[in-house]
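Trainee: If you scroll down you'll find the structure; I have some questions about it.
The values are calculated or read from the model by the stated rules, or taken from the named source; none is laboratory data. Predicted model, so just to flag it, every value in this text is computed and none were measured. FYI the Cβ positions are ideal-geometry reconstructions off the backbone, even for glycines, and counts take in every protein chain you see.
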């Protein structure tokens, strides 16, 4: 997906402790039916249950997202989403406002295929900061393919049975809306990665890869990655001692349809 530039500053400083505040997503809609809006509300509830607050602030209260039904024309672009405004707080860059533009040409198809909820959850994660705020929070260098946040790396090592990993692999294939903003998989989503979690699920089926393969799942690695960019999250253990070497809209393709960021 094409990137909506995140207006957030480059971070300096150390990770602040002790702050919390609550994390609430405020939604506004344009052009959707009540039924379509319900999918956004479900995604909001999902992420509010995973992200519990802020490490860098006890006054921030959440994120406002404008969701719009637009015509992005044909060609497989399902949506474009990302933060549009943000702040630096306690050594982290946070989005405070964001946009999700859904292509009206594909909404009925996605609902019919039973994947619209996953698409919304995916796009909302980008607005919160997945992929779009990595570089600002010093856990990813564009073009490196290596996410080095300690919490996500610790979770990845355990969850996907990769005990010697020094980074979580990031997608370098695809257009500017796919590369550098998703977990890596086979280019185009056309095969399995061979990286399998403890429940037998291949990484290719993870929600935050660049191409959708269903049925999808949300990994502990993804949840932990939000801890690395300054949020507090539910049920993520402290990282083990690790030696590290060392968006916009991010696209998702449903049924092999590529999305543009």
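Trainee: Check residue 154 against each of (1) over 21 Å from residue 220 (Cα atoms); (2) part of a helix (DSSP H, G or I) and name the one condition it does not meet.
Mentor: The one condition residue 154 does not meet is (1).
Trainee: Output yes when any residue across the stretch 27-37 is within 26 Å of residue 91 (Cα to Cα) and either in contact with a strand residue (DSSP E or B) (Cβ under 8 Å, 6 or more places away or on another chain) or not in a strand (DSSP E or B) (or both), and no when none is.
Mentor: Among the residues of the stretch 27-37, not one is within 26 Å of residue 91 (Cα to Cα) and either in contact with a strand residue (DSSP E or B) (Cβ under 8 Å, 6 or more places away or on another chain) or not in a strand (DSSP E or B) (or both), which makes the answer no.
Trainee: Across the stretch 174-201, what is the number of residues that are modelled with pLDDT under 95, outside any helix (DSSP H, G or I) and under 19 Å from the mean Cα position of the chain (by Cα)?
Mentor: 5
Trainee: I need the full set of residues from the stretch 117-130 which are buried (at least 21 other Cβ atoms within 10 Å of the Cβ), within 14 Å of residue 44 (Cβ to Cβ) and out of contact with any strand residue (DSSP E or B) (no Cβ under 8 Å at 6 or more places or on another chain), in order please.
Mentor: Across the stretch 117-130, the qualifying residues are 121, 122, 125.
Trainee: Out of everything in the stretch 202-213 that is part of a loop (DSSP other than H, G, I, E, B) and out of contact with any strand residue (DSSP E or B) (no Cβ under 6 Å at 6 or more places or on another chain), what residue ends up being surrounded by the fewest Cβ atoms within 10 Å (Cβ to Cβ)?
Mentor: Kept after step one, since they are part of a loop (DSSP other than H, G, I, E, B), are these residues of the stretch 202-213: 207-208, 210-213.
Those left that are additionally out of contact with any strand residue (DSSP E or B) (no Cβ under 6 Å at 6 or more places or on another chain): 207, 210-213.
Working: 207: 19, 210: 32, 211: 25, 212: 26, 213: 21.
Across the stretch 202-213, the extreme among qualifying residues is 207.
Trainee: Being part of a helix (DSSP H, G or I) and either over 17 Å from residue 207 (Cβ atoms) or out of contact with any strand residue (DSSP E or B) (no Cβ under 8 Å at 6 or more places or on another chain) (or both) narrows it down to one of 94, 109, so name that one. Step through it out loud before you land on a result.
Mentor: Values: 94 fails: part of a helix (DSSP H, G or I).
Within the list 94, 109, the selection yields 109.
Trainee: Okay, next question. Give 169, 163 a once-over and let me know the one that is part of a strand (DSSP E or B) and modelled with pLDDT of 95 or more.
Mentor: Details: 163 fails: part of a strand (DSSP E or B).
Matching residue, one of 169, 163: 169.
Trainee: Restricting to the stretch 78-91, name every residue that is surrounded by 24 or more Cβ atoms within 10 Å (Cβ to Cβ) and not in a strand (DSSP E or B).
Mentor: Going through the stretch 78-91, the residues surrounded by 24 or more Cβ atoms within 10 Å (Cβ to Cβ) turn out to be 78-83.
Passing the criteria: only 78.
Trainee: In the stretch 48-65, which residues are more than 12 Å from residue 26 (Cα to Cα) and in contact with a helix residue (DSSP H, G or I) (Cβ under 6 Å, 6 or more places away or on another chain)?
Mentor: To start, the set of residues in the stretch 48-65 that are more than 12 Å from residue 26 (Cα to Cα) comprises 49-60.
Result: 50, 51.
Trainee: Still on this model: For the stretch 224-234, indicate whether the set of residues that are at pLDDT 95 or above, out of contact with any helix residue (DSSP H, G or I) (no Cβ under 7 Å at 6 or more places or on another chain) and surrounded by fewer than 21 Cβ atoms within 10 Å (Cβ to Cβ) is non-empty.
Mentor: yes
Trainee: Now a separate question. From 27, 102, 60, grab the single residue that is modelled with pLDDT of 90 or more, under 17 Å from the mean Cα position of the chain (by Cα) and surrounded by 13 or more Cβ atoms within 10 Å (Cβ to Cβ).
Mentor: Working: 27 fails: under 17 Å from the mean Cα position of the chain (by Cα); 60 fails: under 17 Å from the mean Cα position of the chain (by Cα).
Of 27, 102, 60, the one residue that is modelled with pLDDT of 90 or more, under 17 Å from the mean Cα position of the chain (by Cα) and surrounded by 13 or more Cβ atoms within 10 Å (Cβ to Cβ) is 102.
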